[in-house]
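Heads up, the thing below is written out as structure tokens.
The values are calculated or read from the model by the stated rules, or taken from the named source; none is laboratory data. As the structure is a computational prediction, the values presented were derived from the model and not from experiment. Here Cβ is always computed from backbone atoms with ideal geometry, including for glycine, and neighbour counts include all displayed protein chains. Heads up: the accessible areas ignore ligands, DNA and RNA and are worked out on the full protein's heavy atoms, side chains in. Shrake-Rupley method; radii C 1.70, N 1.55, O 1.52, S 1.80 Å.
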Amino acid sequence: MKIIVCMKQVPVKDSLLKITDDGSWVHETDLNYEINESDHYALEEALRLKEAHSGEVVLLSMGPERVREAIKQGLAKGADRAIHIDNSSFTTQDPFVNARVLAAAIKREEFDLVLSGLQTDDYGSAQTGVILAENLGVPSATIVMEIQKQNGGIKVKRELESGWFQWVELPLPSLLTIQSGINQIRYATIKGIMMAKKKEIKALGLSELGLSESDVEEGQTGLVFSKIYVPEKTKKTEIFEGDPREVAQKLADKLKNEAKVI
Amino acid sequence: MTNNSFVKALFAGSIEQDLIFPYPKMDKEEEENLKLILDTVRQFAKDNIDSVAIDRDETIPKEVLQGLAEIGLFGMSIPEEYGGSGFSTTAYNRVFEEIGSIDGSLAVTLGGHQSIGLKALLLHGTEEQKKKYLPKLASGEWIAAFALTEPGAGSDAAGIQSLAVKDVQKGHYVLNGSKIWITNGGIADFFTVFAKTPVGESGEKKISALAVTRDMEGFSSGKEERKLGIHGSSTTELIFDNIKVPVENLIGPEGKGFKVAMEVLNSGRLGLAAGCAGGIKTLIRMSVDHAKNRKQFNTPIAEFEMIQGKITKMVVDVFVLESMVYLTTGLIDRGDIDYSIESSICKVYASEAVWNAVNEAMQIAGGIGYSKEYPYERALRDARINLIFEGTNEVLRAFIALAGMQEHGEYLKKVGKALQHPLNEMGVLTDYALHRIKKRVATERLADVHEALKNEVGKFEEYAKELHLATEKVLSKYRKQIIHREFILNRLADMTIDLYAMIAVISRVDSLLKEKGEKKTHKQLTICKTFCEEAWRRIRRNARQVDNNIDPWRKEISTDACEANGYQFDWVD
């Protein structure tokens, strides 16, 4: 089974974020990065599938030079090789554009399964995976918690709401977005880390992917990020004064009709 | 005079700059790997290591050791062909530092295994021995221990009594005796045991190293010792009752075991120092966090200068310690180097710095620092052992001074002999004359150090000369008796420690300045200057007190107390 794992590098969870002056994104220079959590579970799931059914695990990651750290970590854990798309020249926050670029890279490969995390911990749109499946022309399932291989296809367990689950059968090739926490992520071993240097990391640019700059232009899908800001504090304290009976009445009214807690 | 130990050369009056400039640097690929390994260790610790439980239950859970073994932490220093990872000394110690920052018991257990337990095998084992034992030790299937200390032989390691008598016909040694305070004693399967063996025709008993395994008949380990700290580490007695140890289990040449033990401890002391550096970094994190959040008089206590002084000392100490440890490991990785004094310096500095840091961290924390609900008291209990094991700081200070003087003493002795036969020994005398002239005319200089460090370099040169002068002075005054002048030895050792620390930070910051420029190295430069300012003043004081001191009074007071069996001046008669 040949599995491609889409993996993004995102700022470490408890990072202190400083927004840029123009409000377009956060200052990246002082940040530490890690593998996006659900992508990490996707990688672990891919490695387990490979161990059970043999095959190959290929990492696909888009981002500047720094993502090579995450790629190396993935290779150290057991992925066989990696593709790195350096997007320094066309960084976009549009899932549609990102999916188009990823699809161009994946189309160069034969594959049975594409796994990605459910969503990224930075933008959290949960869009890229499903749009990618459309681009590739393969069926997809989201919020996947378990994968079973069947003759000619797979059967997956999806998480619905309120503790409900759904089993879905898909043919291969297909794409799954993986829910966090579905397995126990392994630790990279020292041996794995030292072997990682021997594994291939192929760097691809737009031209190698057969894309032009207009394909990755911002705003072409109508999605524009206008501003990023820290949630504004809206806490307001109101003090009622006067006769306790009237105050109590007022309070009850507020709690019932405004705060809607009683 | 050339020497492959920077410090030994320093005693003899020469600054071997080439040995320590530029500051050693890891190659990029190894550094990247190291970063990934450190990430793994941190993640594993975060998920699996509960120091409160380890301390309370007095054991490290099997799953934790197994998990660490699976990652490969038991075989870092073992070459790849025997199932390990073949780390450089620098990489090994940096990972070990991380373990020290996580848990004291764990650091001691892993250090007992790798820094000393299996080290003799790595350094002197035969191919067969390595093939037989190292793969098991690398995988963590077996844990190793280093067994030297005996009831009657602690600091005086040469005084061990365990006896291994060779039965040539049967092809084994018969080993009898016992060991105490053996780290990993209760959990190890492989032991590097030091015992006396009758050697040669005279049958003179000399120390040899033997590979002993738990499954040998007649081997047993005692119950776990109850200790102040490092509760999760195993410490037991070992008993050898007529153990038949095959002759092929001799590690290194017969009768050369003492040298083997000292070599092992040299490397072990560096690991210990690295572990202490990790511990101090954790303590700084805890202290800073507390000092920023704890308010008194409406002010975070981090803004009070008395608290700032404590934090500063911790930061400067760990920067200096790192500089020394990774300078030394870098020298080892470059090859062919005598680092016995340097590693002892690192051990002494590290253990005292971590002890200071734990004391200050507890003080910053105030009342809660004393509470069992917080980690400070455990850190304090865990840190204390570092001043004692792998050579007490006292015996190491004596070693630093005596070993430093030794070669120069030998040289002076030669000069003395040459003076009796001047015609036959012209070479020695010319050499000596040149040496004297050089010393009187010019101080040894450091060349091409960054301009921003001019002041520090000047002080180093000045006080390096002071150490050399003091050495000549005490050698000619006390001759062999210097071995008993421990007040003096202590001062020479402290001067040496400060000088090595100075040159280590100077070299490190010089490399940073040249690579990144003054603006980006400003913070490190301030730390370097802060340390050097304090260090040269200590050196000056110690140098002055080599001649001018109150040692006789100090000796008298102690002798009196011993004679009186305690304090004899209670004001209530």
Starting from residues that are open to solvent by 20 Å² or more (accessible area, probe 1.4 Å) and of a type in the set (A, V, I, L, M), keep the ones in segment B:200-248 and report whichever is farthest from B:GLY112 (Cα to Cα). B:VAL247
Right, B:GLY67: within 13 Å of another protein chain (Cβ to nearest Cβ), surrounded by fewer than 24 Cβ atoms within 10 Å (Cβ to Cβ), without any contact (Cβ under 8 Å) to a residue 60 or more places away in the chain and over 19 Å from A:TYR187 (Cα atoms) or not? no
Only one of (1) buried (at least 22 other Cβ atoms within 10 Å of the Cβ); (2) at pLDDT below 95; (3) away from every other protein chain (no Cβ under 14 Å) is not met by B:ASN3, so which one is it? (1)
Name every residue in segment A:95-135 that is part of a loop (DSSP other than H, G, I, E, B) and farther than 22 Å from A:SER24 by Cα, in order of residue number. A:LYS107, A:ARG108, A:GLU109, A:GLU110, A:PHE111, A:ASP112, A:LEU118
For strands (runs of 3 or more DSSP E) lying entirely in segment A:164-262, having 2 or more residues that are of a type outside the set (Ser, Thr, Tyr), loosely packed, with under 14 Cβ neighbours inside 10 Å and modelled with pLDDT of 95 or more picks out A:165-171
Within segment B:158-175, which residues are surrounded by fewer than 19 Cβ atoms within 10 Å (Cβ to Cβ) and within 30 Å of the chain's Cα centre (by Cα)? B:ALA158, B:GLY159, B:GLN161, B:LEU163
Could you tell me whether any residue of segment B:105-123 is of a type outside the set (Lys, Arg), at positive phi and outside the structural domain of B:THR192 (by TED's automatic domain parsing)? no
Per the filter on segment B:356-375, residues under 24 Å from the mean Cα position of the chain (by Cα) and buried (at least 20 other Cβ atoms within 10 Å of the Cβ) are B:ALA357, B:VAL358, B:GLU360, B:ALA361
When segment B:37-55 is checked residue by residue, the ones that are open to solvent by 30 Å² or more (accessible area, probe 1.4 Å) and within 12 Å of chain A (Cβ to nearest Cβ) are B:ASP39, B:ARG42, B:GLN43, B:LYS46, B:ASP47, B:ASN48
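How about segment B:9-36: which of its residues are part of a loop (DSSP other than H, G, I, E, B) and either within 14 Å of chain A (Cβ to nearest Cβ) or acidic (Asp, Glu) (or both)?
Hits for segment B:9-36 are B:GLU16, B:ASP27.
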Could you tell me how many of the residues in segment A:182-212 are out of contact with any helix residue (DSSP H, G or I) (no Cβ under 7 Å at 6 or more places or on another chain) and within 14 Å of chain B (Cβ to nearest Cβ)? 4
Would you mind telling me which numbered condition in (1) within 17 Å of A:LYS199 (Cβ to Cβ); (2) within 14 Å of chain B (Cβ to nearest Cβ); (3) surrounded by fewer than 21 Cβ atoms within 10 Å (Cβ to Cβ) A:ASP80 fails? (2)
Pick from segment A:46-77 the residues that are in contact (Cβ under 8 Å) with a residue 60 or more places away in the chain and open to solvent by less than 20 Å² (accessible area, probe 1.4 Å): which of them is farthest from the other protein chains (Cβ to nearest Cβ)? A:LEU49
